[in-house]
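**Q** Structure provided below as structure tokens; questions to follow.
The values are calculated or read from the model by the stated rules, or taken from the named source; none is laboratory data. Since the model is a prediction, treat every value here as computed from it, not as a measurement. So basically every Cβ, Gly included, is an ideal-geometry build from the backbone, and we count neighbours across all protein chains shown. The area values use the complete protein model at the heavy-atom level, side chains included, leaving out ligands, DNA and RNA. Shrake-Rupley method; radii C 1.70, N 1.55, O 1.52, S 1.80 Å.
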Amino acid sequence: MLHGKIAMVTGASKGIGREIAITLANNGATVIVNYNGSQEKAKETCDLIESAGGTCEMMKFSVADSEEVSTAVKDITAKYGGINILVNNAGITRDGLVMKMSEEDFDSVIATNLKGTFNTIKAVSRQMMKAREGRIINISSVSGVLGNAGQANYAASKAGVIGLTKSMARELSTRNITVNAIAPGFITTDMTEILPEDIKETVTKQIPLGHFGTPKDIAEMVTFLASGKASYITGQVICVDGGMAM
Ligand code: NAP
């Protein structure tokens, strides 16, 4: 389905990003597996892709650092000719009530989740425009759609990703580039594993389908949006959340 396509997945060392990278590769894409700190885990992602017969390359950079992003995209473009599919998945949480939230915790979440998404889009958009094709898929969150007590920084960053998605969809539409967001609900990864059991139980009661999702649930939607089957979809926010945000 994605043979001949080059996909860059940010934050692909583990969790949802790893599953996205594996699923895109299983569908034929050559995948750039970005990571920031977890080199060993990024290697595990690549090993899983390669052992299934797929093609990938690990690449270390912080999405929050515009120079690192720009250098990485230049290197990928020089080697592979360009990026066809960009998946902005890298993200962090620094949860806490605003009263107690440090400025640093607010800024770092915005810098990674929102500005990181801006940085990669800015770096790839020129060559995608020249190629007159491209797919950009941004991972937002149910918290960005509904808001969440204790996650003001994270929810603001993810709501920002939605505004960025819609604006970029409008800016890039004439060049046959689609830009969509996925808003996952609660998905079983390291990010949600740290939640206390009582919070997990309270959250589960708010999910109509009655359970957390899996990284595969998100990876399948990314693959669909990256494929030819989704060529008439742009500027959308697709909730993959067991019905939480309906
Ligand atoms: P995770 O298991 O904590 O993984 C986060 C990934 O982001 C890691 O690969 C990490 O790489 C990478 N990352 C963090 N900062 C980075 C940076 N500055 N530059 C490049 N990569 C960076 O999280 P997850 O649960 O899979 O979440 C993935 C995405 O889905 C995030 O955007 C998250 O907000 C979103 N999401 C998750 C859920 C959920 O329930 N899990 C729900 C809604 C939305 P290193 O370890 O190498 O730094």
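**Q** I need the full set of residues from the range 127-139 which are surrounded by fewer than 24 Cβ atoms within 10 Å (Cβ to Cβ) and either of a type in the set (S, T, N, Q) or modelled with pLDDT under 95 (or both), in order please.
**A** Q127, the sole residue that qualifies.
**Q** Go through the range 5-91 and tell me which helices (runs of 4 or more DSSP H), entirely inside it, have 3 or more residues that are more than 24 Å from M128 (Cα to Cα).
**A** Correct list: 15-26, 39-51.
**Q** Check the range 223-232 and report whether any residue there is assigned to a loop (DSSP other than H, G, I, E, B) and farther than 23 Å from K166 by Cβ.
**A** Scanning the range 223-232, I find no residue that is assigned to a loop (DSSP other than H, G, I, E, B) and farther than 23 Å from K166 by Cβ, so the answer is no.
**Q** Right, another one. Going by the structure shown, is I207 at pLDDT 95 or above and over 14 Å from the mean Cα position of the chain (by Cα)?
**A** Considered against the rule, which asks whether it is at pLDDT 95 or above and over 14 Å from the mean Cα position of the chain (by Cα), I207 comes out as yes.
**Q** Could you run through the range 92-114 and say how many residues are more than 13 Å from the ligand (Cβ to nearest atom), part of a loop (DSSP other than H, G, I, E, B) and buried (at least 18 other Cβ atoms within 10 Å of the Cβ)?
**A** 0
**Q** Hey, can you tell me all the residues within the range 167-217 that are in contact with a strand residue (DSSP E or B) (Cβ under 8 Å, 6 or more places away or on another chain) and of a type in the set (A, V, I, L, M, F, W, C)?
**A** Answer for the range 167-217, where residues must be in contact with a strand residue (DSSP E or B) (Cβ under 8 Å, 6 or more places away or on another chain) and of a type in the set (A, V, I, L, M, F, W, C): M168, A169, L172, I177, V179, A181, I182, A183, F186, I187, F212.
**Q** Could you tell me how many of the residues in the range 44-95 are among the hydrophobic types (A, V, I, L, M, F, W, C) and closer than 17 Å to N138 by Cβ?
**A** 10
**Q** Which one of G144, G160 is near the ligand (Cβ under 10 Å from one of its atoms) and either at pLDDT 95 or above or on the phi < 0 side of the Ramachandran plot (or both)?
**A** Every option except G144 fails the conditions.
**Q** Let me ask something additional. Among the listed residues A52, A42, identify the single one that is open to solvent by less than 50 Å² (accessible area, probe 1.4 Å) and either at pLDDT 95 or above or within 14 Å of G91 (Cβ to Cβ) (or both).
**A** Of A52, A42, the one residue that is open to solvent by less than 50 Å² (accessible area, probe 1.4 Å) and either at pLDDT 95 or above or within 14 Å of G91 (Cβ to Cβ) (or both) is A42.
**Q** A further question on this structure: Residues being touching a residue at least 24 places away in the same chain (Cβ under 8 Å) and part of a loop (DSSP other than H, G, I, E, B): count how many of those fall in the range 172-198.
**A** Adding up the residues that qualify gives 5.
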